[in-house]
Amino acid sequence: VLQNLSQTPVLRELLKEAKMPGTTVKIESPELCMEPQLIKLDQPGPLTLAMHQFVTEMQETKKGVVTPKELFAQVCKKAVRFKGYQQQDSHELLRYLLDGMRAEE
(Lines give C-alpha, C1' and ligand atoms only; values in the text may rest on other atoms or scores of the structure.)
Protein backbone atom coordinates (compact mmCIF):
# COMPACT_ATOMS: atom_id res chain seq x y z
CA VAL A 1 0.00 0.00 0.00
CA LEU A 2 2.75 2.46 0.96
CA GLN A 3 4.79 1.68 -2.15
CA ASN A 4 1.74 2.35 -4.32
CA LEU A 5 0.98 5.62 -2.52
CA SER A 6 4.60 6.75 -2.90
CA GLN A 7 4.27 6.30 -6.68
CA THR A 8 1.09 8.40 -6.96
CA PRO A 9 2.19 11.70 -8.59
CA VAL A 10 -0.81 13.74 -7.45
CA LEU A 11 -0.35 12.65 -3.83
CA ARG A 12 3.38 13.41 -3.95
CA GLU A 13 2.70 16.92 -5.26
CA LEU A 14 -0.02 17.58 -2.69
CA LEU A 15 2.20 16.40 0.15
CA LYS A 16 5.03 18.62 -1.07
CA GLU A 17 2.70 21.64 -1.11
CA ALA A 18 0.98 20.68 2.15
CA LYS A 19 4.31 20.86 3.96
CA MET A 20 4.27 24.65 3.57
CA PRO A 21 1.54 26.20 5.77
CA GLY A 22 -0.66 28.86 4.20
CA THR A 23 -0.37 27.40 0.71
CA THR A 24 -3.39 27.42 -1.58
CA VAL A 25 -3.72 24.27 -3.67
CA LYS A 26 -5.70 24.11 -6.90
CA ILE A 27 -7.26 20.71 -7.56
CA GLU A 28 -8.59 20.07 -11.04
CA SER A 29 -10.47 17.01 -12.25
CA PRO A 30 -11.14 16.98 -16.00
CA GLU A 31 -12.79 13.56 -15.70
CA LEU A 32 -15.48 14.86 -13.36
CA CYS A 33 -16.12 18.07 -15.34
CA MET A 34 -16.00 20.09 -12.13
CA GLU A 35 -14.71 23.58 -11.61
CA PRO A 36 -11.23 23.65 -10.05
CA GLN A 37 -11.24 23.59 -6.27
CA LEU A 38 -9.02 26.04 -4.36
CA ILE A 39 -8.08 24.79 -0.90
CA LYS A 40 -6.06 26.82 1.61
CA LEU A 41 -3.89 24.58 3.75
CA ASP A 42 -3.11 25.15 7.40
CA GLN A 43 -0.11 23.78 9.26
CA PRO A 44 0.16 20.06 8.41
CA GLY A 45 -0.41 17.58 11.20
CA PRO A 46 2.07 14.94 12.38
CA LEU A 47 0.57 12.16 10.24
CA THR A 48 0.74 14.29 7.09
CA LEU A 49 4.32 15.30 7.86
CA ALA A 50 5.30 11.67 8.46
CA MET A 51 3.69 10.67 5.15
CA HIS A 52 5.58 13.47 3.37
CA GLN A 53 8.85 12.31 4.93
CA PHE A 54 8.19 8.70 3.92
CA VAL A 55 7.28 9.57 0.32
CA THR A 56 10.36 11.79 0.05
CA GLU A 57 12.61 8.99 1.32
CA MET A 58 11.03 6.54 -1.13
CA GLN A 59 11.85 8.90 -4.02
CA GLU A 60 15.53 9.23 -3.08
CA THR A 61 17.49 6.99 -5.41
CA LYS A 62 20.55 6.67 -3.14
CA LYS A 63 18.51 5.61 -0.14
CA GLY A 64 18.73 1.90 0.63
CA VAL A 65 15.96 0.28 2.64
CA VAL A 66 13.22 2.68 3.72
CA THR A 67 11.49 1.94 7.01
CA PRO A 68 8.16 3.69 7.65
CA LYS A 69 8.76 3.71 11.42
CA GLU A 70 7.60 7.30 12.07
CA LEU A 71 4.64 6.97 9.71
CA PHE A 72 3.57 3.75 11.40
CA ALA A 73 3.88 5.39 14.84
CA GLN A 74 1.59 8.21 13.70
CA VAL A 75 -0.94 5.74 12.25
CA CYS A 76 -0.93 3.85 15.58
CA LYS A 77 -1.75 7.08 17.42
CA LYS A 78 -4.83 7.56 15.21
CA ALA A 79 -5.83 3.88 15.04
CA VAL A 80 -4.79 1.92 18.14
CA ARG A 81 -5.69 -1.37 16.47
CA PHE A 82 -2.38 -1.29 14.56
CA LYS A 83 -0.24 -1.32 17.72
CA GLY A 84 1.45 -4.61 18.50
CA TYR A 85 2.41 -5.49 14.91
CA GLN A 86 -0.45 -7.95 14.50
CA GLN A 87 -1.64 -8.99 11.06
CA GLN A 88 -3.91 -6.34 9.49
CA ASP A 89 -5.56 -5.96 6.12
CA SER A 90 -3.81 -3.53 3.79
CA HIS A 91 -7.08 -1.84 2.86
CA GLU A 92 -7.65 -1.05 6.56
CA LEU A 93 -4.24 0.61 6.75
CA LEU A 94 -5.00 2.62 3.62
CA ARG A 95 -8.36 3.73 5.00
CA TYR A 96 -6.97 4.77 8.41
CA LEU A 97 -3.99 6.52 6.83
CA LEU A 98 -6.05 8.60 4.38
CA ASP A 99 -8.82 9.29 6.89
CA GLY A 100 -6.24 10.36 9.46
CA MET A 101 -4.57 12.76 7.03
CA ARG A 102 -7.94 14.17 5.99
CA ALA A 103 -8.87 14.74 9.65
CA GLU A 104 -5.72 16.85 10.03
CA GLU A 105 -6.78 19.25 7.23
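The values are calculated or read from the model by the stated rules, or taken from the named source; none is laboratory data. Computed from a prediction, not measured in an experiment: that's the story for all the values here. Surface areas here come from the heavy atoms of the whole protein model, side chains and all, with no ligands, DNA or RNA. Shrake-Rupley method; radii C 1.70, N 1.55, O 1.52, S 1.80 Å.
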Of the heavy-atom accessible surface of the chain (probe 1.4 angstrom), what whole percent is carbon and sulfur?
53 percent
Check the chain and count each lysine pair with an alpha-carbon distance under 26 angstrom, considering only pairs eight or more places apart or from different chains.
19
